[in-house]
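Just so you know, all these numbers are worked out from the coordinates, no wet-lab data involved. What you see is a predicted model; the values in this text were computed from it and never measured. When we count neighbours, we look across all protein chains shown, and the Cβ atoms used for this are built from the backbone with ideal geometry, even at glycine.
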Amino acid sequence: MKVLRFLEPWRCLILVAQKVFKSESRDQVLEEEITLKEISGPQPSRVELQSKLNEVNKENHVLTNRGDTVQEESNALKSLMSSVEDDLNELKAFKEVFLQCFSKDGTLRENTSTI
């Protein structure tokens, strides 16, 4: 069928026209003019279009709210991460003070200043 379409592309158009007009006679089909409306079929009514638009608007609203929720969660996690980093820096400072106060064998050094 692909070879036939390539060699005779007009034959494919006749088959489409026959299906659209439900005609068996090729002469009758070729004499009539095909409009875009006839090929595309019936158009949806205003009510159908309005209902589809409402559904899409609802989906957009849900996705927008979901995006806001994700943004809030992201901000909360960033805040938590910042506080964890602050705590870690504080622990590192305590570790430095501890290491300055004690020698490697675990005994307290005599000449250490307290903070």
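From the alpha carbon gyration tensor of segment 47-115, can you work out the equivalent ellipsoid semi-axes (sqrt of 5 times each eigenvalue) and give them in Å, largest to smallest?
Taking √(5λ) for each eigenvalue gives 61, 8, 4 Å, largest first.
So which GluC sites (Glu not before Pro) in segment 56-115 end up in coil per DSSP with only 10 or fewer other C-beta atoms within 10 Å?
110
Roughly how many nanometres apart are two label points built 7 Å out from the Cα toward the Cβ at residue 64 and residue 43?
Taking the two extended label points, one gets 2.9 nm.
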